[in-house]
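Novice: Sharing a structure with you now.
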Amino acid sequence: MHDAVASTDELHLIEMLRNGDEDAFVSLIERYHTTMLRLAMIYVSERAVAEDVVQEAWLGVLQGLNRFEGRSSLKTWIFRILTNCAKTRALREKRSVAFSSLSDLEVNFDEPAVDPDRFLPPDSQAPGHWVSLPANWDEVPEKRFLSQETHVCIISAIEALPPGQRTVITLHDIEGWPSEEICNVLGISETNQRVQLHRARSKVRRALEQYFDEQEGS
């Protein structure tokens, strides 16, 4: 896993921040605050607590400016601080999921990416074949995909994912982060990231299938 070093522009921005340039800090907050809040809420469910986590992370950024050596990108460094703050706060809030080592991001390769009940059992005439093929949505009207109800279904499905899968799909598919950045921030391998994303997408797709089936039957 290769971690890109800070760019020349980022190093210049760091110098501005070290010199107390408030406009530079405000621009940094405007660039990353929303994503930081969304990521924090994966670790702590209450928005108010997530806001506290983000504020704590920004304080950590300010306090760590003189120690930043540019060995990673500025963005990676900021979000590592954020995830560390979020994990610490989650443990303090006694969340049932232990984030101390982000063990939920370690892939269990025995877990199927697709529900086993989608395939015929071993004692059938065609073991391992699909019971029902994944839905073909070519004929679904575009307006249904773009509807508020469909959006709510997708968000609900993402929120129901295990934290590791939810984190990866949020950063990749919602925030548009490249895989390398996700791996660097979360400290996971490319293979791990790819499997988590595939499983997350499969579960969201299954939720959408059920939603459209229910709509067709109503």
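Novice: Among the residues of segment 34-42, is there at least one that is of a type in the set (Lys, Arg), modelled with pLDDT of 90 or more and under 30 Å from residue 209 (Cβ atoms)?
Specialist: Looking only at segment 34-42, we keep the residues that are of a type in the set (Lys, Arg), and these are 38.
Add one more test, that the residue is modelled with pLDDT of 90 or more, and what stays is 38.
Now restrict to residues that are under 30 Å from residue 209 (Cβ atoms): 38.
Scanning segment 34-42 turns up at least one residue that is of a type in the set (Lys, Arg), modelled with pLDDT of 90 or more and under 30 Å from residue 209 (Cβ atoms).
Novice: Here are some conditions: (1) among the small types (Gly, Ala, Ser); (2) under 21 Å from residue 71 (Cα atoms); (3) at pLDDT 90 or above; (4) outside any helix (DSSP H, G or I). Residue 20 meets all but one. Which one does it not meet?
Specialist: Condition (2) is where residue 20 drops out.
Novice: Filtering segment 172-218 down to residues that are hydrophobic (A, V, I, L, M, F, W, C) and outside any helix (DSSP H, G or I), which residue is modelled with the lowest pLDDT? Talk me through it step by step, then tell me what you get.
Specialist: The initial filter retains those residues of segment 172-218 that are hydrophobic (A, V, I, L, M, F, W, C), namely 174, 177, 182-183, 185-186, 188, 195, 197, 200, 204, 207-208, 212.
Filter once more, keeping what is outside any helix (DSSP H, G or I): 177, 188.
Working: 177: 94, 188: 90.
In this case the residue turns out to be 188.
Novice: Separate question: For residues that are within 15 Å of the chain's Cα centre (by Cα) and in a loop (DSSP other than H, G, I, E, B), tally how many sit in segment 33-85.
Specialist: So the count comes out to 2.
Novice: Let me ask you something else. Any residue at all in segment 127-136 that is at pLDDT below 60, closer than 19 Å to residue 193 by Cα and open to solvent by 80 Å² or more (accessible area, probe 1.4 Å)? Explain how you work it out, then say what you get.
Specialist: Start the filter on segment 127-136 by keeping residues that are at pLDDT below 60, which leaves 127-136.
With the extra rule that they be closer than 19 Å to residue 193 by Cα, the set shrinks to none.
No, segment 127-136 contains no residue that is at pLDDT below 60, closer than 19 Å to residue 193 by Cα and open to solvent by 80 Å² or more (accessible area, probe 1.4 Å).
Novice: Please find, within segment 50-85, the residue that is modelled with the highest pLDDT out of those that are surrounded by fewer than 14 Cβ atoms within 10 Å (Cβ to Cβ) and among the basic types (Lys, Arg).
Specialist: If we take residues in segment 50-85 being surrounded by fewer than 14 Cβ atoms within 10 Å (Cβ to Cβ) and among the basic types (Lys, Arg), then 67 is modelled with the highest pLDDT.
Novice: Considering only segment 164-193, how many residues are surrounded by fewer than 17 Cβ atoms within 10 Å (Cβ to Cβ) and not β-branched (Val, Ile, Thr)?
Specialist: Of segment 164-193, the ones surrounded by fewer than 17 Cβ atoms within 10 Å (Cβ to Cβ) are 173-176, 178-180, 187, 189-191.
Now restrict to residues that are not β-branched (Val, Ile, Thr): 173, 175-176, 178-180, 187, 189-190.
Total satisfying the criteria: 9.
Novice: Name the residue that is farthest from residue 168 (Cα to Cα), counting only residues in segment 22-49 that are open to solvent by less than 10 Å² (accessible area, probe 1.4 Å) and out of contact with any Phe, Trp or Tyr (no Cβ under 8 Å at 6 or more places or on another chain).
Specialist: The first filter runs over segment 22-49 and keeps only residues open to solvent by less than 10 Å² (accessible area, probe 1.4 Å), leaving 24, 28, 36, 39-40, 42-44.
Next, from what is left, pick out any that are out of contact with any Phe, Trp or Tyr (no Cβ under 8 Å at 6 or more places or on another chain): 24, 28, 40, 42, 44.
Numbers: 24: 29, 28: 23, 40: 13, 42: 11, 44: 16 Å.
Across segment 22-49, the extreme among qualifying residues is 24.
The values are calculated or read from the model by the stated rules, or taken from the named source; none is laboratory data. Here the structure is a predicted model, which means the values were calculated and not measured. Heads up, the Cβs are rebuilt from the backbone with ideal geometry, glycines too, and the neighbour counts pull from every protein chain shown. Surface areas here come from the heavy atoms of the whole protein model, side chains and all, with no ligands, DNA or RNA. Shrake-Rupley method; radii C 1.70, N 1.55, O 1.52, S 1.80 Å.
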